[in-house]
1. Rank by packing, highest mean first: peptides 92-100, 185-193, 269-277, with packing defined as the count of other Cβ atoms within 10 Å averaged across residues.
2. Once both labels are modelled 7 Å past Cα along the beta-carbon direction, what's the residue 211-residue 231 spacing in nm?
3. Whole number please: convex hull volume per residue, Cα atoms of region 148-189, in Å³.
4. Going highest first, how would you order 150-157, 225-232 by mean Cβ packing within 10 Å?
5. Just want to confirm a number: the relative contact order over region 3-108, from Cα pairs under 8 angstrom separated by 6+ residues, in percent.
6. Under 4 °C and 1.567 mPa s, how fast does region 98-165 diffuse according to Stokes-Einstein, given a Kirkwood radius computed over C-alpha pairs? Answer in µm²/s, whole number.
7. Relative to the present Cα-Cα distance, how much length would full extension add between residue 47 and residue 146 at 0.36 nm per residue of separation?
8. For region 3-108, compute Rh as the Kirkwood radius over C-alpha pairs and then the Stokes-Einstein diffusion coefficient at 20 °C and 1.002 mPa s; write the answer in µm²/s, rounded to an integer.
């Protein structure tokens, strides 16, 4: 294997190494691999300050670890706009190479490819595999915060897709680096967002823990809060709470309750500036048009309908189940049935 990308902290310390087979390793894991001769072009060095990797003598400049690096902050920021890494700028060349390898791998899977900003980031099959285990959590969180479960699911799908090229690197990065803009978990909740949600009183993963009370959360370390936010049961609820917070924040100007495109736009941009007639970004439109119906399939199809059921049978099964267990607000049920009968879904909001 060969290292093609290095993620560093703000001081330039190497934290995570990504290889040409799109596997990511921590510093300790990489040192072990180098000692075993499984990494090309590098060797392990031990000093009084610890061990690290060094590029072998006579290697070409483009293989130098310094030339392959990106800061953790830059990587987290790129999750909202990964195309900036494809700009051709020299400092992002290693990231571009990593992404192009990922694009090729996705298209070679022979599955239903999902394109984000015209680039193949993930397949439908991958999304379903990642989201399905969290179905009950998503439905419960949507009920707890009185929001549309499909909107929450669609927003999470968008986050899954955008994090997919960096999933392994992000997993290892979270264990050693947690900044204010670090995106965490399946819903890619930033640490700043988690703090804001707690301070605003929308959600607290452990009210008995004084360190994360609204009054003290600002003084609590990111690493301490991270231990809560990374857990799926809290991560998804933080996301749901943020959607609820956004709806409430805009309520004096317009009702965003059933507008997944706008909510999807704002989830990645912040609470925004409330106004009567907001428009969705391209990202928000994809959430509404493509990811919303996909979320419906994942959250409902296998949960309520028997294998081989027709669309009408599925809708009937879903209605019976939801009326019986009270998981979904009846207003949302009526809206879904209206969409199902007309053959359309929320497409521009």
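Read the figures in this text as sums done on the coordinates, not as results from a lab. Every value quoted in this text rests on a predicted model; they were computed, and no experiment measured them. Methodologically, a virtual Cβ is constructed for each residue, glycine included, from the backbone with ideal geometry; neighbour enumeration extends over all protein chains shown.
1. Values: 92-100: 18.9, 185-193: 22.2, 269-277: 11.1.
Listed from highest to lowest mean packing, they are 185-193, 92-100, 269-277.
2. Between residue 211 and residue 231, the label points sit 1.3 nm apart.
3. Numbers: hull volume 2.6 nm³, N = 42.
Dividing the Cα hull volume of region 148-189 by its residue count gives 63 Å³.
4. Details: 150-157: 28.5, 225-232: 18.0.
Most protected by this proxy first, the peptides run 150-157, 225-232.
5. The normalised contact order for region 3-108 reaches 26 percent.
6. Working: Rh = 12.8 Å.
In µm²/s, the coefficient is 101.
7. Full extension of this stretch gives 30.1 nm more.
8. D = 149 µm²/s.
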